[in-house]
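Everything below concerns the one structure shown next.
The values are calculated or read from the model by the stated rules, or taken from the named source; none is laboratory data. Remember, predicted model here, so these are calculated numbers, not experimental data. With ideal geometry, Cβ positions are generated from the backbone for all residues, glycine too; neighbour counts draw on all protein chains shown. Each accessible area value is taken on the protein alone, full model and side chains, heavy atoms only, with ligands, DNA and RNA left out. Shrake-Rupley method; radii C 1.70, N 1.55, O 1.52, S 1.80 Å.
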Amino acid sequence: MPSEANFTFDSANHEALAQALQSRFDHVRQTEERVEFDLLDTFDGRIFGAGAILAKRSDRYILEALMSGQPIAALSVSRRVSFRFAGDFPASPLADNLSALIKMRALLPIAHVRRTRRVMGLLNADQKTVARAVIDLYSLAEADETIGACQLLAVKGYPKAHQAACEAVADLVLPAQQPPIKALLAQNGTALDSYSKKIDLVLDPQASATETIRLILARLLTIMQVNQAGIIEDIDTEFLHDFRVASRKSRSLLSQVKGVLSPEVSSELQGHLKQLGRMTNNLRDLDVYLLKKKHYAGMLPVWLQPGLVPLFRSIQRRRRAAYLQVCRNMTNPEFEKALATIRAITERDPAELNAKADDGQSTLSVAQMVIAKTFRKLIKKGRRITAQSPDEALHKLRIDCKKMRYLLEFFDSLFPSETMTGLIKSLKNLQTLLGDFNDLSVQQTFLKTHLEAIRPTGASATLHTAATGGLISQLHQQQQRLRQAFFAVFDQFDDTTVHRKFETICQSTSKEKH
């Protein structure tokens, strides 16, 4: 039997459960604690998904294991202090854990939880602890339902005692199918794992390509709409990021599968999607600069870092203006009309969306065709890159990588998961390098423009100029290192093994690399 057994029980049997354990052992030592706490997590449930919960009491944050409720890390704070991001917490093990779990996402209040916990040490005749029991009652402040959870823990060297404890409560408990907090939230209509930015569709390979494209577009539109409120409320930058990625994926899909939807439908969708993406470009760029604030400072000597303060003040002001403009756009009737039009198109009968050239193409055949075509184009462009190629050539290759990545994600369920996982991993290394390369190019251009606008009016302006120039120099050096690293990373992708995997899923006859 495992050294830890987790059960659920009817809360009405709370006392009966404790008495059943007491009757089986010679002595029992027990404590009882009643607490209330705010359950915090990110919009996409990152803490919950990692098998933990974050509880905030009046003056204490506690990270606990989801199933057992055992503490992982804790931090005592002033009652008046509240933290929103991992970086807001003072240096501590709790901050380190949260930084790894939630990254740049904001903490949100999920529910107010009440918990009564009884911890029982089960002793033998020699008054040695031979097993332990933790009996919890969970409820939400705004609901009447209570969930009971019992954990029986073995003590090393006393396996029979653990067995006896399990037998004592056998008639009162059932094996836990899910953590008590998850069951409690689900009982009250809250699911922390309900949001995903992934496509998560199991496609029918023989379904018409038109129907499949319609399904994928509808799913991507849902992701966009789910994130809209978070953008307007300015909760964290990931809402805008997920919105933009879903919009970009939709446009990429339409451009890749030409001939499946009618030209009129495709053109109308592209027009609306371009409008939605364009209006958020500036805000996203400024968000990226602010997210890199600490990283940028760390690239400069300590004495030069204060020179970046005016830069980030300027970015913050511009970011505020860009955010307000996005809010105006997203609350404009024209924005809602565009979303409604896209939704209406995705809800049409596939026959109304179908291009004459489609001629009943299956999802599988279209997927194989566009993946093979994009892969060949990607390899051809990559092999043309030389040490003298302009930045624009690597930028275009980056876009092709992104299109390839999206296709693999769209049609992932059609092919063996092991093969697709390997291909996505191989592509990701190349895409990451090219993405970083392009970001560094864009950042340098932005900073050069900012540098030219600095007015030399004193010591502070001199420091500002030096810091900005120093940052540009550091970014340029990083970009050059990535350019040099490109060839080795591309060769890893342009590899016989990778080619064979693509040929396997595409049933193509593309030539292997020599």
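Taking segment 196-210 as the region of interest, how many residues are over 17 Å from the mean Cα position of the chain (by Cα) and surrounded by fewer than 18 Cβ atoms within 10 Å (Cβ to Cβ)? First the steps, then the outcome.
Going through segment 196-210, the residues over 17 Å from the mean Cα position of the chain (by Cα) turn out to be 201-210.
Checking which are surrounded by fewer than 18 Cβ atoms within 10 Å (Cβ to Cβ) leaves us with 201-202, 204-207.
Going through segment 196-210 one residue at a time, the tally reaches 6.
Which condition does Thr346 not pass, out of (1) open to solvent by 40 Å² or more (accessible area, probe 1.4 Å); (2) over 30 Å from Ala459 (Cβ atoms); (3) among the polar types (S, T, N, Q), if it passes all the others?
With respect to (1) open to solvent by 40 Å² or more (accessible area, probe 1.4 Å); (2) over 30 Å from Ala459 (Cβ atoms); (3) among the polar types (S, T, N, Q), Thr346 is out only on (1).
Quick one: Glu503 ticks every box in (1) more than 30 Å from Thr363 (Cβ to Cβ); (2) of a type in the set (Asp, Glu); (3) surrounded by 15 or more Cβ atoms within 10 Å (Cβ to Cβ) except a single one, so which number is it?
It is condition (1) that Glu503 fails.
Checking Gly189 against (1) small (Gly, Ala, Ser); (2) at negative phi; (3) assigned to a loop (DSSP other than H, G, I, E, B); (4) open to solvent by 50 Å² or more (accessible area, probe 1.4 Å), which test does it fail?
(2)
Conditions tested, residue by residue: (1) of a type outside the set (Gly, Ala, Ser); (2) open to solvent by 60 Å² or more (accessible area, probe 1.4 Å); (3) on the phi < 0 side of the Ramachandran plot; (4) in a strand (DSSP E or B).
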site: Ala12; (1), (2), (3), (4): no, yes, yes, no
site: Leu17; (1), (2), (3), (4): yes, no, yes, no
site: Gln22; (1), (2), (3), (4): yes, yes, yes, no
site: Leu40; (1), (2), (3), (4): yes, no, yes, yes
site: Phe48; (1), (2), (3), (4): yes, no, yes, no
site: Ala55; (1), (2), (3), (4): no, no, yes, yes
site: Tyr61; (1), (2), (3), (4): yes, no, yes, yes
site: Ser68; (1), (2), (3), (4): no, no, yes, no
site: Ser78; (1), (2), (3), (4): no, no, yes, no
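Report whether or not Gln163 is out of contact with any helix residue (DSSP H, G or I) (no Cβ under 9 Å at 6 or more places or on another chain), over 19 Å from Asp38 (Cβ atoms) and surrounded by 20 or more Cβ atoms within 10 Å (Cβ to Cβ). First the steps, then the outcome.
On the way: out of contact with any helix residue (DSSP H, G or I) (no Cβ under 9 Å at 6 or more places or on another chain): yes; over 19 Å from Asp38 (Cβ atoms): yes; surrounded by 20 or more Cβ atoms within 10 Å (Cβ to Cβ): no.
No: the conditions fail for Gln163.
Quick check on this structure: which one of Ala91, Ala100, Ala125, Ala95 is in a helix (DSSP H, G or I) and either of a type in the set (Lys, Arg) or open to solvent by 50 Å² or more (accessible area, probe 1.4 Å) (or both)?
Result: Ala100 is the single residue among Ala91, Ala100, Ala125, Ala95 that is in a helix (DSSP H, G or I) and either of a type in the set (Lys, Arg) or open to solvent by 50 Å² or more (accessible area, probe 1.4 Å) (or both).
Output the number of the condition that Ala170 fails; it satisfies all remaining conditions of (1) hydrophobic (A, V, I, L, M, F, W, C); (2) part of a loop (DSSP other than H, G, I, E, B); (3) under 31 Å from the mean Cα position of the chain (by Cα).
All conditions are met except number (3).
Being closer than 19 Å to Ile231 by Cβ and either in a loop (DSSP other than H, G, I, E, B) or charged (D, E, K, R) (or both) is the filter here; which residues of segment 316-351 pass it?
Arg318, Arg319, Arg320, Arg328, Thr331, Asn332, Glu334, Glu336, Lys337, Arg343
Taking Leu300 as the residue in question, decide whether it is open to solvent by less than 30 Å² (accessible area, probe 1.4 Å), outside any helix (DSSP H, G or I) and either in contact with a Leu (Cβ under 6 Å, 6 or more places away or on another chain) or under 23 Å from Arg317 (Cβ atoms) (or both). Write out each step before concluding.
Details: open to solvent by less than 30 Å² (accessible area, probe 1.4 Å): yes; outside any helix (DSSP H, G or I): yes; either in contact with a Leu (Cβ under 6 Å, 6 or more places away or on another chain) or under 23 Å from Arg317 (Cβ atoms) (or both): yes.
Considered against the rule, which asks whether it is open to solvent by less than 30 Å² (accessible area, probe 1.4 Å), outside any helix (DSSP H, G or I) and either in contact with a Leu (Cβ under 6 Å, 6 or more places away or on another chain) or under 23 Å from Arg317 (Cβ atoms) (or both), Leu300 comes out as yes.
Tell me, yes or no, whether segment 465-480 has at least one residue that is open to solvent by less than 30 Å² (accessible area, probe 1.4 Å), under 28 Å from the mean Cα position of the chain (by Cα) and either of a type in the set (Asp, Glu) or modelled with pLDDT of 95 or more (or both).
So far as segment 465-480 goes, yes, one or more of its residues are open to solvent by less than 30 Å² (accessible area, probe 1.4 Å), under 28 Å from the mean Cα position of the chain (by Cα) and either of a type in the set (Asp, Glu) or modelled with pLDDT of 95 or more (or both).
Every residue in segment 230-247 that is surrounded by 22 or more Cβ atoms within 10 Å (Cβ to Cβ) and farther than 23 Å from Phe83 by Cβ, please.
Phe243, Ala246, Ser247
Restricting segment 370-384 to residues that are open to solvent by 20 Å² or more (accessible area, probe 1.4 Å) and in contact (Cβ under 8 Å) with a residue 24 or more places away in the chain, which is farthest from Thr445 (Cα to Cα)?
Arg376
Do any residues in segment 471-492 that are touching a residue at least 60 places away in the same chain (Cβ under 8 Å) have Cβ atoms under 7 Å from those of residues that are open to solvent by 50 Å² or more (accessible area, probe 1.4 Å), where the two are at least six apart or on different chains, and which pairs are they?
Val489/Asn429; Gln492/Asn429
Conditions: (1) touching a residue at least 60 places away in the same chain (Cβ under 8 Å); (2) over 21 Å from Arg132 (Cβ atoms). Phe83 meets all but one. Number of the miss?
(1)
To keep it simple, each residue is scored yes or no on (1) modelled with pLDDT under 95; (2) within 27 Å of Leu291 (Cα to Cα); (3) not polar (S, T, N, Q).
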residue	(1), (2), (3)
Phe9	yes, no, yes
Gln22	yes, no, no
Glu33	yes, no, yes
Ala65	yes, no, yes
Gln70	yes, no, no
Phe83	yes, yes, yes
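Here is a check on your reading of the model: is Gln361 touching a residue at least 40 places away in the same chain (Cβ under 8 Å), closer than 26 Å to Ala207 by Cβ and of a type outside the set (Gly, Ala, Ser)?
When the stated conditions are applied, Gln361 passes them.
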